[in-house]
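Only one structure is covered here, and it is reproduced in the block below.
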Amino acid sequence: MFVVVGRFPFRPMGAEEQQRLLQRWEEDFSPLARGCTGFQGVQFVPIGDDEIATVWQWDRAADWDAAQATFGPYLQEHLVPLLAGPPDRFAGDVGLEIKP
(Lines give C-alpha, C1' and ligand atoms only; values in the text may rest on other atoms or scores of the structure.)
Protein backbone atom coordinates (compact mmCIF):
# COMPACT_ATOMS: atom_id res chain seq x y z
CA MET A 1 0.00 0.00 0.00
CA PHE A 2 1.14 3.54 -0.83
CA VAL A 3 0.05 6.41 1.45
CA VAL A 4 0.04 10.17 0.86
CA VAL A 5 -0.43 12.48 3.85
CA GLY A 6 -1.20 16.14 3.24
CA ARG A 7 -1.71 19.21 5.39
CA PHE A 8 -3.67 22.02 3.75
CA PRO A 9 -3.69 25.56 5.22
CA PHE A 10 -6.85 27.41 4.26
CA ARG A 11 -7.70 31.07 4.41
CA PRO A 12 -9.71 31.74 7.57
CA MET A 13 -13.05 29.97 7.55
CA GLY A 14 -15.50 29.03 10.25
CA ALA A 15 -16.63 25.55 11.18
CA GLU A 16 -19.78 25.92 9.06
CA GLU A 17 -17.84 26.85 5.92
CA GLN A 18 -15.39 24.01 6.56
CA GLN A 19 -18.29 21.57 6.87
CA ARG A 20 -19.75 22.81 3.55
CA LEU A 21 -16.33 22.30 1.93
CA LEU A 22 -16.11 18.72 3.19
CA GLN A 23 -19.67 18.03 2.04
CA ARG A 24 -18.88 19.37 -1.44
CA TRP A 25 -15.81 17.14 -1.63
CA GLU A 26 -17.91 14.16 -0.60
CA GLU A 27 -20.52 14.91 -3.26
CA ASP A 28 -18.36 16.15 -6.14
CA PHE A 29 -14.84 14.85 -5.59
CA SER A 30 -15.46 11.35 -4.25
CA PRO A 31 -16.76 10.02 -7.61
CA LEU A 32 -13.51 11.18 -9.21
CA ALA A 33 -11.42 9.36 -6.60
CA ARG A 34 -13.52 6.21 -6.70
CA GLY A 35 -13.03 6.03 -10.46
CA CYS A 36 -9.23 5.96 -10.17
CA THR A 37 -7.29 2.74 -10.46
CA GLY A 38 -5.71 1.63 -7.19
CA PHE A 39 -7.69 4.00 -4.97
CA GLN A 40 -8.28 2.41 -1.55
CA GLY A 41 -9.60 5.33 0.46
CA VAL A 42 -9.05 8.80 1.88
CA GLN A 43 -9.70 10.48 5.21
CA PHE A 44 -10.17 14.25 5.63
CA VAL A 45 -9.22 15.38 9.13
CA PRO A 46 -10.08 18.93 10.25
CA ILE A 47 -7.20 20.02 12.50
CA GLY A 48 -8.42 23.52 13.18
CA ASP A 49 -10.74 26.10 11.69
CA ASP A 50 -8.33 26.75 8.86
CA GLU A 51 -6.49 23.48 8.31
CA ILE A 52 -7.37 20.03 7.00
CA ALA A 53 -5.15 16.97 6.86
CA THR A 54 -5.67 14.20 4.33
CA VAL A 55 -4.58 10.57 4.37
CA TRP A 56 -4.80 8.81 1.01
CA GLN A 57 -4.34 5.07 0.48
CA TRP A 58 -3.43 3.63 -2.90
CA ASP A 59 -2.28 0.27 -4.22
CA ARG A 60 0.90 1.78 -5.68
CA ALA A 61 2.68 5.10 -6.10
CA ALA A 62 2.02 4.90 -9.84
CA ASP A 63 -1.74 4.88 -9.17
CA TRP A 64 -1.46 8.11 -7.12
CA ASP A 65 0.64 9.68 -9.87
CA ALA A 66 -1.86 8.69 -12.56
CA ALA A 67 -4.79 10.07 -10.54
CA GLN A 68 -3.29 13.57 -10.53
CA ALA A 69 -4.41 14.12 -14.12
CA THR A 70 -7.98 13.41 -13.00
CA PHE A 71 -7.78 15.46 -9.79
CA GLY A 72 -5.91 18.47 -11.16
CA PRO A 73 -8.73 20.40 -12.87
CA TYR A 74 -11.12 19.94 -9.94
CA LEU A 75 -8.51 20.99 -7.37
CA GLN A 76 -7.44 24.03 -9.39
CA GLU A 77 -11.03 25.25 -9.53
CA HIS A 78 -12.38 24.26 -6.10
CA LEU A 79 -9.42 23.93 -3.72
CA VAL A 80 -6.50 26.13 -4.72
CA PRO A 81 -8.47 29.44 -4.46
CA LEU A 82 -9.27 28.63 -0.81
CA LEU A 83 -5.71 27.91 0.28
CA ALA A 84 -3.66 30.32 2.40
CA GLY A 85 -0.43 28.68 1.23
CA PRO A 86 0.91 25.57 -0.44
CA PRO A 87 0.04 22.19 1.05
CA ASP A 88 2.65 20.15 2.86
CA ARG A 89 2.74 16.53 1.66
CA PHE A 90 4.75 13.42 2.22
CA ALA A 91 4.28 9.94 0.85
CA GLY A 92 5.69 6.45 0.89
CA ASP A 93 5.05 2.74 0.85
CA VAL A 94 3.64 1.35 4.08
CA GLY A 95 6.40 -0.41 6.01
CA LEU A 96 4.19 -1.80 8.77
CA GLU A 97 0.45 -1.89 9.23
CA ILE A 98 -1.19 -2.97 12.48
CA LYS A 99 -4.91 -3.71 12.53
CA PRO A 100 -7.19 -5.05 15.25
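The values are calculated or read from the model by the stated rules, or taken from the named source; none is laboratory data. A quick note: this is a predicted structure, and the numbers were derived from the prediction, not measured. Note that we place each Cβ from the backbone using ideal geometry, even for glycine, and neighbour counts take in every protein chain shown. Heavy atoms of the whole protein, side chains included, go into the accessibility calculation; ligands, DNA and RNA do not. Shrake-Rupley method; radii C 1.70, N 1.55, O 1.52, S 1.80 Å.
Results, tabulated for the structure shown:
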item	result
Separation in nanometres of the label points that stand 7 Å from Cα toward Cβ, at V55 and A15	2.3
Percent RCO, i.e. relative contact order, over the chain, from Cα pairs under 8 Å lying at least 6 residues apart	47
Residue-level accessible surface for I98, protein heavy atoms, 1.4 Å, Å²	140
Helix-only CD estimate at 222 nm, as mean residue ellipticity for the chain, using -39500 (n - 2.57) per DSSP H run (n ≥ 4)	-10000 deg cm²/dmol
Where the chain is the region considered: accessible area per residue in Å², 1.4 Å probe	62
Most mobile listed residue (Q76, Q18, Q57) in the chain, GNM with C-alpha springs under 10 Å	Q76
The chain: translational diffusion in µm²/s, Stokes-Einstein, Kirkwood Rh over Cα pairs, 20 °C, 1.002 mPa s	150
Unit Cα scatterers, Debye sum, region 34-75: log10 I(q)/I(0) for q = 0.21, 0.26, 0.29, 0.30 Å⁻¹	-0.73, -0.93, -1.01, -1.04
Accessible area of the chain belonging to carbon and sulfur atoms, whole % at 1.4 Å probe	53
Relative pair counts by distance (%), Cα atoms of region 1-53, 5 Å bins	4, 18, 24, 24, 17, 9, 3
Neighbourhood charge, 12 Å Cβ-Cβ cut-off, centred on R24 and excluding it, Lys, Arg +1 and Asp, Glu -1	-4
